[in-house]
Amino acid sequence: MLGVQLAALLDGAAPGVAETLDLVDGFDDVLAHGLARVDEEQAGRLAAMAGALRDTPLGPAVAEAVEKITAGSIGDAELAVLAGARTTLLGAVHDAELGRFDAALGRTRAPWEPPSAASPVDGPLGAGRSWLQELAITGWRGVDHDLVSSADQAVSALLGEPRLRGPAVLLDGLAAELRASCPVATMDRVPARRWADLWARALLLLQPGTSGARAAGAVSGRLLPLGVDVHEHGTALQIQVHGVLEPTDGSSARLVRASVAAAKVDTIVGPALWRLLDAHLVLLKALAEHRSVDLAELPVTAGGDLIWRDAQATLGEPADPFATARLRLTDALAPAAPPLERHPVRIAEPVLVEGYTIDGDALTLDGHALALDLERLPDCGPLTPELVAASSACIGLVRWEAGRWTLQPLAVQATVKRKPVEAHGGDWALGPTDPKVVKAEARAGDAVAVLRERAGRLLRR
């Protein structure tokens with residue numbers, strides 16, 4: 001990223017974004033108080049959202065749903081429409097901001113091409129929707145332990161269907177956050193935007209006929225990893241590897257993502273997290289050893305997400321992520337965003353920034369400052385705020401959140417005690433390399449091994 005590109009990105013704001021987010025905030029406030037007690041002010045907020053969508057294909061359905069809910073008729077169909085309306089508004093914000101990013105950096109993005117129709121997922125969808133309906137009627141402020149506990153049966157049922165494990169984990173994560181916050185009525189501040197995001201997404205994913213993420217084709221070629229984004233929750237772990245794919249058919253290089261996940265408990269933290277993913281050794285070795293991966297007919301979604309299978313991936317030659325970023329990022333084709341992924345918080349675009357200075361929590365390049373998102377630095381790798389502050393080159397993800405652009409570092413090149421140092425978020429994927437961390441891990445013991453042994457004992461009984 002050059003100074004002129006950064007200037008173009010930070011220059012002003014997309015028209016209509018602030019007004020659209022105000023409409024979303026209005027709906028989220030209604031959801032926080034609960035649909036069982038919609039007063040005149042909250043009815044006005046719902047009507048404002050319906051008015052904004054009046055001239056869209058969704059307009060008539062939203063107007064009807066708002067009218068029924070205001071009158072006290074809160075059904076499954078009406079809630080699905082409201083979740084769709086909120087998602088549509090945030091999708092418009094996503095498209096506006098991502099368009100600004102592409103224009104500033106000159107990044108070419110593939111058009112969205114819906115995959116061929118697939119059989120819908122069948123299963124216990126209704127139980128999950130019923131719990132989400134109870135949440136909406138009660139409102140966040142009314143959530144207590146009894147209401148949260150009623151999600152357990154729905155989550156267990158959803159986990160029994162492999163194609164519904166995504167919604168199951170989402171539902172379980174929302175329930176875990178609510179459980180940790182109970183009673184919500186005593187909280188000084190409710191994370192209304194976040195919980196409404198999770199509620200709306202879960203409700204849409206649990207609609208009849210939803211097919212979930214699926215392959216739209218297969219790719220073969222060389223994957224050059226750029227960096228890894230670690231998503232950690234009390235009950236789940238996911239790593240998302242951003243990289244450049246060089247297809248064997250000679251077509252243009254593509255930006256892709258490869259994600260793997262595992263269930264966890266909140267006592268497993270730090271470098272021990274990687275041991276939860278030891279079924280994906282090819283990917284872990286590629287991260288730790290900075291190597292390319294040769295893919296053979298690996299499934300890929302229409303949104304550029306590789307459906308990872310170690311059996312169809314072979315470790316390749318050493319591949320320096322910084323060299324990849326310098327040589328391939330400018331001409332790699334970016335993937336289109338699938339409809340349900342069109343949310344501004346899901347903007348996470350890989351970039352290379354060089355020749356900057358760091359002042360506190362901001363990066364300055366040619367007089368233009370970009371905020372650094374240091375809270376996302378994972379504690380399972382060697383990347384620290386101190387190394388970021390000492391760096392002069394960074395591979396990171398540009399994000400748009402809370403009305404501003406930020407940079408989340410994935411890897412840095414720095415000078416420490418007059419010596420060049422490189423640190424990548426996935427350097428410890430095969431185990432920590434820092435002697436102090438190795439000793440601390442040895443003293444703490446292998447929590448993953450202990451929990452697996454105990455689980456095995458329980459299963460044998």
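I need the full set of residues from segment 249-258 which are at pLDDT 95 or above and either assigned to a loop (DSSP other than H, G, I, E, B) or surrounded by fewer than 24 Cβ atoms within 10 Å (Cβ to Cβ) (or both), in order please. Within segment 249-258, 253, 254, 255, 257 qualify.
Evaluating residue 197 against the criteria (1) in contact with a helix residue (DSSP H, G or I) (Cβ under 8 Å, 6 or more places away or on another chain); (2) closer than 21 Å to residue 330 by Cα; (3) among the acidic types (Asp, Glu) leaves one unmet condition, (2).
Of all the criteria given as (1) within 15 Å of residue 398 (Cβ to Cβ); (2) at pLDDT 95 or above; (3) surrounded by fewer than 20 Cβ atoms within 10 Å (Cβ to Cβ); (4) of a type in the set (A, V, I, L, M, F, W, C), the one not satisfied by residue 332 is (3). Of the residues making up segment 366-384, those that are crowded, with 18+ Cβ neighbours inside 10 Å and among the β-branched types (Val, Ile, Thr) number 0. Look at (1) under 21 Å from the mean Cα position of the chain (by Cα); (2) part of a loop (DSSP other than H, G, I, E, B) and you find that residue 21 fails only one, number (2). Restrict the check to segment 189-207 and report whether at least one residue is under 25 Å from residue 377 (Cα atoms) and assigned by TED's automatic domain parsing to the domain that holds residue 349. No. Take residue 324 and decide whether it is under 21 Å from residue 354 (Cα atoms), among the β-branched types (Val, Ile, Thr) and either surrounded by 20 or more Cβ atoms within 10 Å (Cβ to Cβ) or not assigned by TED's automatic domain parsing to the domain that holds residue 427 (or both). Yes: the conditions hold for residue 324.
Using the structure shown, decide if residue 86 is surrounded by 19 or more Cβ atoms within 10 Å (Cβ to Cβ), in contact with a helix residue (DSSP H, G or I) (Cβ under 9 Å, 6 or more places away or on another chain), among the basic types (Lys, Arg) and not assigned by TED's automatic domain parsing to the domain that holds residue 353.
Details: surrounded by 19 or more Cβ atoms within 10 Å (Cβ to Cβ): yes; in contact with a helix residue (DSSP H, G or I) (Cβ under 9 Å, 6 or more places away or on another chain): yes; among the basic types (Lys, Arg): yes; not assigned by TED's automatic domain parsing to the domain that holds residue 353: yes.
Criteria met by residue 86.
Within segment 354-364, not a single residue is free of Cβ contacts under 8 Å to residues at least 60 places away in the same chain and within 20 Å of the chain's Cα centre (by Cα).
Of the residues making up segment 171-202, those that are touching a residue at least 60 places away in the same chain (Cβ under 8 Å), among the charged types (D, E, K, R) and more than 20 Å from residue 124 (Cα to Cα) number 2. Scanning segment 31-46 for residues that are of a type in the set (A, V, I, L, M, F, W, C), under 11 Å from residue 69 (Cα atoms) and assigned to a helix (DSSP H, G or I) yields a total of 4.
State yes or no: is residue 136 over 20 Å from residue 196 (Cβ atoms), touching a helix residue (DSSP H, G or I) at 6+ places or on another chain (Cβ under 6 Å) and aliphatic (A, V, I, L, M)? So residue 136 does not fit the description; no.
Within segment 144-158, the set of residues being without any contact (Cβ under 8 Å) to a residue 12 or more places away in the chain and of a type outside the set (Gly, Ala, Ser) comprises 146 only. Looking across segment 205-224, the residues that are in a loop (DSSP other than H, G, I, E, B) and closer than 20 Å to residue 78 by Cα come down to 206, 207, 208, 209, 210. Scan segment 328-345 and tell me whether some residue there is of a type outside the set (Val, Ile, Thr), in a strand (DSSP E or B) and assigned by TED's automatic domain parsing to the domain that holds residue 223. Yes; the residues of segment 328-345 include at least one that is of a type outside the set (Val, Ile, Thr), in a strand (DSSP E or B) and assigned by TED's automatic domain parsing to the domain that holds residue 223.
To keep it simple, each residue is scored yes or no on (1) farther than 21 Å from residue 175 by Cβ; (2) assigned by TED's automatic domain parsing to the domain that holds residue 191; (3) aromatic (Phe, Trp, Tyr).
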site: 64; (1), (2), (3): yes, yes, no
site: 74; (1), (2), (3): no, yes, no
site: 90; (1), (2), (3): yes, yes, no
site: 98; (1), (2), (3): yes, yes, no
site: 103; (1), (2), (3): yes, yes, no
site: 112; (1), (2), (3): yes, yes, yes
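Inspect segment 207-216 for any residue being buried (at least 20 other Cβ atoms within 10 Å of the Cβ) and closer than 30 Å to residue 313 by Cβ and give the result as yes or no. No, every residue in segment 207-216 fails to be buried (at least 20 other Cβ atoms within 10 Å of the Cβ) and closer than 30 Å to residue 313 by Cβ.
Segment 368-428 holds strands (runs of 3 or more DSSP E) entirely within its bounds, and those carrying 1 or more residues that are modelled with pLDDT of 95 or more and either under 18 Å from residue 6 (Cβ atoms) or not assigned by TED's automatic domain parsing to the domain that holds residue 358 (or both) map to 368-372, 391-401, 404-416. Restricting segment 60-107 to residues that are part of a helix (DSSP H, G or I) and hydroxyl-bearing (Ser, Thr, Tyr), the residue that is farthest from the chain's Cα centre (by Cα) is 70.
The values are calculated or read from the model by the stated rules, or taken from the named source; none is laboratory data. None of these values were measured; they are calculated from a predicted model. Here the Cβ is made from the backbone with ideal geometry for all residues, glycine too, and neighbour counts use every protein chain on show.
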